Amino acid sequence: MTTILILEDDPMVAFIHQSYLTKIDSQLNILEAASTDDAQTLLAEEQIDLILLDLHLKHDDGLAFLRDLRQQEFPGEVILITAENQTEALKAAHHLGILDYLMKPFSYERFAQSFESFLAKTTMLQHEELNQAQIDQLFYDKSQKKAELILEKGLSKATLARIYKTMQEFPASFTVAELAEKSGFSHVSVRKYMQFLEQQDLLTSDVIYRKQGRPFQTYQIKNPALWQKYFPK
């Protein structure tokens, strides 16, 4: 059985991690620690396969804990989960051999992708010998391949592609009503896609307040490089 340790001192965040893991596999053995001392105790008692590590704990330093893990030759994997976006922290964590770096807030799909990478690596390294093709799977930058956007139930790739093409026709921001009129889809349908794309960090929205009348919301394409991976020309 795979054993996961969640090192997180925010109970709500720890609960989200646990619910995501349970959604992926209800048979996982999930342990929790709110401090590095508690984590070290569990590491001494249990065989941990993966640690979900918060970089900034209230009373502890996640990066220092990671360094300790490497000095102790911890054989498992570490996924760093943090709101930290400074390159120095990323460089340090990368040099210390983390499997992945997830920035809060992140989607379930991104979390699941990270866990799938853990499973793939673990399975691969169970072999005594690997050929070059298998080694390439471990080290090759998968981001260079065509990315796959996992859609929510009720959304279709064909409709999303058409909506994306229509969005590109606007010189700047647009409203749901404008996009619906131009794309030919209903307001309700377009709004569902806007909400999904905003959750995926592919759209940015802004509320416009007027002196008279109700405020309205505008949208604009965000992360064009990521869009290009999902919809290469």
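The values are calculated or read from the model by the stated rules, or taken from the named source; none is laboratory data. Quick caveat: nothing in here was measured; it's all calculated off a predicted structure. Neighbour counts are summed over all protein chains in view; Cβ atoms, including those assigned to glycine, are modelled from backbone coordinates with ideal geometry. The area values use the complete protein model at the heavy-atom level, side chains included, leaving out ligands, DNA and RNA. Shrake-Rupley method; radii C 1.70, N 1.55, O 1.52, S 1.80 Å.
Using the Karplus relation 6.51 cos²θ - 1.76 cosθ + 1.60 with θ = phi - 60°, the per-residue 3J(HN,Hα) values for region 164-170 come to 4, 4, 5, 4, 5, 7, 7 Hz, with x marking Gly and Pro. For a test of the definition: using alpha carbon positions, the gyration tensor, and the 1.5 limit on a/c, classify region 24-124 as rounded, prolate or oblate. Note, shape of region 24-124 comes out rounded.
Per the Kirkwood formula applied to alpha carbons, region 59-189 shows a radius of gyration over Rh ratio, Rg over Rh, of 1.11. Each of 160, 34, 92 was placed along the dipole of the chain (beta-carbon charges, centred on the mean Cα), and the one lying farthest toward the positive end is 160.
For residue 35, the amide hydrogen comes within under 5 Å of no other amide hydrogen, counting only partners 5 or more places away or on other chains and with H modelled in the peptide plane.
For region 1-116, a crude dipole built from +1 on the beta carbon of Lys and Arg and -1 on the beta carbon of Asp and Glu, taken about the Cα centre, is about 340 debye to the nearest 20. At full extension, residue 56 and residue 162 could sit 34.0 nm farther apart than now, given 0.36 nm per residue minus the alpha carbon distance. Using the Cβ-Cβ distance between residue 152 and residue 95 with R0 = 30 Å, the FRET efficiency computed as 1/(1 + (r/R0)^6) comes to roughly 0.25. When the GluC sites (Glu not before Pro) in region 167-223 are filtered for DSSP coil states and for at most 12 other beta-carbon atoms within 10 Å of their beta-carbon, the remaining sites are 169.
Return one whole number: the accessible area per residue of region 61-192 in Å², for a 1.4 Å probe. Display every interim value, and only then the final one.
Working: 8450 Å² over 132 residues.
On a per-residue basis, region 61-192 sits at 64 Å².
Provide the percentage of antiparallel DSSP beta bridges, counting only those with both residues in the chain; round to the nearest 5. Show your work: numbers first, answer last.
Details: 8 of 26 bridges.
Antiparallel bridges make up about 30 percent of those DSSP assigns within the chain.
When the chain is fully extended, how far beyond the present Cα-Cα distance does residue 85 get from residue 198, taking 0.36 nm per residue of separation?
Values: separation 113, 0.36 × 113 = 40.68 nm, distance 1.96 nm.
Residue separation times 0.36 nm, minus the Cα-Cα distance, leaves 38.7 nm.
Grab the other residues whose beta carbon is less than 13 angstrom from that of residue 13, score K and R as +1, D and E as -1, and report the net. Spell out each step's value before the answer.
On the way: positive: 58, 104; negative: 8, 9, 10, 32, 54.
That sum, taken over residues with Cβ under 13 Å, equals -3.
Using a probe radius of 1.4 angstrom, the carbon and sulfur fraction of the accessible surface of the chain is 50%. Note on the chain: with charges restricted to the Cβ of Lys and Arg (+1) and Asp and Glu (-1), its dipole about the Cα centre is near 2000 debye. The candidate values are (i) -0.76, -1.16; (ii) -0.92, -1.17; (iii) -0.68, -1.08; the one derived from this structure for log10 I(q)/I(0) by the Debye sum over Cα atoms at q = 0.13, 0.16 Å⁻¹ carries the label (ii).
Starting from 0.36 nm per residue, how many nanometres of slack lie between residue 138 and residue 231 once their C-alpha separation is accounted for?
Working: separation 93, 0.36 × 93 = 33.48 nm, distance 2.52 nm.
So the extension gain works out to 31.0 nm.
For region 163-233, the alpha-carbon radius of gyration amounts to 1.12 times the rule-of-thumb value 2.2 N^0.38 Å expected for a compact globular protein.
Work out the FRET efficiency for residue 12 and residue 109 from their Cβ-Cβ distance, taking R0 = 25 Å, and round it to the nearest 0.05. Numbers along the way, then the final one.
Working: r = 20 Å, r/R0 = 0.81.
My answer for the efficiency is 0.80.
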